[in-house]
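See structure below.
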Amino acid sequence: MSPSPQPAPALDQARAEEILNTLPRTRILVLGDLILDRYIWGDVKRISPEAPVPIVHFARETTVPGGAANVARNLAQLGARVLPAGAVGCDDSGAALKHLLERDQIPVDAILELLDYPTPTKTRILASGQQLLRLDREERLRLSPSAEIKLRNDILRLLPEAKAFIIADYNKGILTQELLDFVKQECQARGVWLSLDPKPSHRLDLSGASLITPNRKEAFELAALADEGPSNDSPLEDTELRQVVEKLLQICAPAHILITLGEHGMLLCQPAKEPIHIPTVAREVFDVSGAGDTVIASITAAVAAGATLEEAAILANHAAGVVVAKVGTATATPAEILQTLSPQPTI
């Protein structure tokens, strides 16, 4: 007999505030590919006479942490104490990224500086709030034996302080199967919650994590199944999606799985339980850049702060709703999250 359908979970503002107020006493270790996100803002008034492309009149340039560094920044904005580990190059982008983290009071002593490695940098050109072009500069990272030993030693040094561990894999090279197995073993030995944001193009054994957080496209790719699009407006009645859930729960055992579904919200999947659909709370969507980072940061932080997984998923859903209403790689503050949980006036 299959499990009975799960009732939709609830999270009121008072409980969310209790969880968020615990975060300043919560340390979370983050490992992954550190990326610098650069934004060039301008206006378009005419088309180039040289080619059928818009001419962007430069207005300003901004830089923010991206990739695993954005996960760390999201955690810091939520109030958690972040312990990031990873690598940057000995270049201007690496220096800029470390400066941005330090500005947010995020320690950088476990971030390796490597010669002959360009810090991954994504440059986006925007006009009138719309992205026109993205230019990526990156080379696959291959850690030397001595650099990997240093990274492992940093993880062992920081792990006793952590209540949770997040791996953000962007498939730039920092995460190998050997390093993942090492992290899983050390987290299991200490009872530390391990969340993993996977990259399907990077085939790894994901079993043994506490939580994985793919979006719909990534979930289908991880399950090696074709996605023909939602077969039903309700994710709980989407037969193809349910098939993916069953396969992923087997592949990733004993992990829980949170599948983000864009305008359809999220699907929380747990072993031996019916999936729980959490509808979206986003009222406006301007940019989904980095929304996945916000989700894994906020759900992991909430669990580490004592929330149930269902409560943490709802809080993450509200945090994502805040972030997608902003342009560019962004974060959500506790005040912004609590505002979305406050009763809305009726008309």
**Prompt:** Which order results if T300, T333 are arranged by neighbouring Cβ count within 10 Å, fewest first?
**Reply:** T333, T300
**Message:** Would you calculate the convex hull of the Cα atoms in the stretch 215-296 and tell me its volume per residue in Å³?
**Reply:** 97 Å³
**Asked** Using DSSP loop states and a limit of at most 10 other Cβ atoms within 10 Å to flag GluC sites (Glu not before Pro), what is the longest stretch of the chain containing no flagged site?
**Response** 51-227
**Asked** Short version: what are the Cα gyration tensor semi-axes of the chain, square root of 5 times each eigenvalue, largest first, in whole Å?
**Response** 30, 27, 21
**Prompt:** Using helices alone, what [θ] at 222 nm do you get for the chain, with -39,500 (n - 2.57) per DSSP H run of 4 or more residues, divided over all residues and rounded to the nearest 500?
**Reply:** -10500 deg cm²/dmol
**Asked** Looking at the stretch 224-283, which trypsin sites (Lys or Arg not before Pro) are in a loop (DSSP not H, G, I, E or B) and have at most 14 other Cβ atoms within 10 Å?
**Response** K273, R283
**Item:** Stokes-Einstein translational diffusion, the stretch 137-239 - Kirkwood Rh over all Cα pairs, 1.306 mPa s, 10 °C, in µm²/s
**Value:** 102 µm²/s
**Members of K163/K217; K273/K326; K122/K326; K163/K184 lying beyond 26 Å, as alpha-carbon distances in this model show** = K163/K217; K273/K326
**Item:** Calculated diffusion of the stretch 168-322, Stokes-Einstein form, Kirkwood radius summed over Cα pairs, 20 °C and 1.002 mPa s, µm²/s
**Value:** 136 µm²/s
**Request:** List the extent of the Cα atoms of the stretch 81-186 along each of their three principal axes, largest first, rounded to whole Å.
**Result:** 47, 29, 23
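Just so you know, all these numbers are worked out from the coordinates, no wet-lab data involved. Model, not experiment: these values are computed from the prediction. When we count neighbours, we look across all protein chains shown, and the Cβ atoms used for this are built from the backbone with ideal geometry, even at glycine.
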